[in-house]
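The values are calculated or read from the model by the stated rules, or taken from the named source; none is laboratory data. The shown structure was predicted, so the numbers you read here are calculated from the model rather than taken from an experiment. Backbone-built Cβ (ideal geometry, glycine too); neighbour counts: all protein chains shown.
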Amino acid sequence: MDEPFYAHYLKNCQLEHPGMNQIIEKCETDPEKIIQDILKYKKTKKILFIKNMAHHIAKLNIDFIVGMKNIFFIRNPLQLITSFAKVIANPGMDDIGIETIYQIYSQYKDDQSMVLDSGALLKDPTSVLVKLCNGLDIPFDESMMQWPAGPKTYDGIWAEYWYENVHKSTGFSKQRATDRTLADRYLPLYKSVLPYYDELFKHSIKA
């Protein structure tokens with residue numbers, strides 16, 4: 001499930017996102033209905049993967065994740081900020097989401113929680129994915145290392161605005177944002193979120 005709470009977030013935030021009117025119109029915006037849909041759908045699947053953005057669920061009661069295996073996916077804030085800045089003018093702390101991830105992790109972490117860092121994943125995809133799969137009790141398969149280019153049936157309708165690079169990809173590779181220099185105007189934001197990232201990184205899967 002691709003970002004099921006995105007329409008709810010857009011309806012209640014004060015930010016302009018590309019395609020937001022279409023997303024709000026076509027997707028469920030009631031969080032209680034969304035949670036019930038998730039729980040119903042979960043019963044029909046042996047494995048259900050739900051991708052949520054931390055800032056989409058920051059103000060919601062997300063106790064429904066208790067008992068699920070939660071992966072806290074993090075990315076170096078320098079790369080995050082440069083990536084968001086391509087689509088959203090002047091991204092802020094809430095957009096980046098690292099502080100929110102830290103807060104959710106602190107509240108809901110348990111023995112089944114795992115922190116996955118994109119940099120570590122790209123550095124040694126096989127080793128990190130094997131450890132991730134072991135933690136999730138999912139068998140690792142070499143087919144996880146490659147995929148066909150192009151849109152996927154499970155993409156949200158916002159894919160045309162956000163997933164250009166993903167749709168071009170066919171495997172794990174270094175991202176262009178890795179080598180970008182951060183504009184001076186984003187340095188205060190970077191310095192604010194870095195401690196949260198560093199703390200989460202301590203708990204992340206290492207190759």
ask   = Are any of the residues in region 77-90 at pLDDT 95 or above, under 18 Å from the mean Cα position of the chain (by Cα), within 30 Å of residue 191 (Cβ to Cβ) and of a type outside the set (D, E, K, R)?
value = no
request  = Under 6 Å between Cβ atoms, at least 6 apart or on separate chains: pull out the pairs that start in region 110-134 with a residue that is within 17 Å of residue 198 (Cβ to Cβ) and end on any residue that is of a type in the set (Phe, Trp, Tyr) and surrounded by 14 or more Cβ atoms within 10 Å (Cβ to Cβ).
outcome  = 115/72; 116/73; 117/201
ask   = Does region 177-199 contain any residue that is part of a loop (DSSP other than H, G, I, E, B), modelled with pLDDT of 90 or more and over 30 Å from residue 24 (Cβ atoms)?
value = no
ask   = Counting only residues that are in a loop (DSSP other than H, G, I, E, B) and touching a residue at least 24 places away in the same chain (Cβ under 8 Å), which one in region 138-153 is farthest from residue 70 (Cα to Cα)?
value = 147
Scan of region 114-154 for residues that are closer than 20 Å to residue 57 by Cβ and modelled with pLDDT of 95 or more, ordered by number = 114, 115, 116
inquiry  = Given the criteria surrounded by 14 or more Cβ atoms within 10 Å (Cβ to Cβ), closer than 25 Å to residue 183 by Cα, among the β-branched types (Val, Ile, Thr) and out of contact with any Gly (no Cβ under 6 Å at 6 or more places or on another chain), does residue 71 qualify?
reply    = no
inquiry  = Which of the numbered conditions does residue 157 fail, given that it passes all the others? Conditions: (1) closer than 25 Å to residue 33 by Cβ; (2) of a type in the set (Val, Ile, Thr); (3) not in a loop (DSSP other than H, G, I, E, B).
reply    = (3)
query = When you go through 38, 23, 50, 96 one by one, which is the residue that is closer than 26 Å to residue 195 by Cα, β-branched (Val, Ile, Thr) and either surrounded by 18 or more Cβ atoms within 10 Å (Cβ to Cβ) or under 18 Å from the mean Cα position of the chain (by Cα) (or both)?
reply = 96
ask   = How many residues are closer than 21 Å to residue 41 by Cβ and not β-branched (Val, Ile, Thr) if we restrict to region 152-169?
value = 6
request  = For region 166-176, enumerate the residues that are of a type outside the set (Ser, Thr, Tyr), under 21 Å from residue 142 (Cβ atoms) and either assigned to a helix (DSSP H, G or I) or at pLDDT 80 or above (or both).
outcome  = 166, 171, 172
query = Quick one: how many residues across region 14-45 are touching a His at 6+ places or on another chain (Cβ under 9 Å) and free of Cβ contacts under 8 Å to residues at least 12 places away in the same chain?
reply = 0
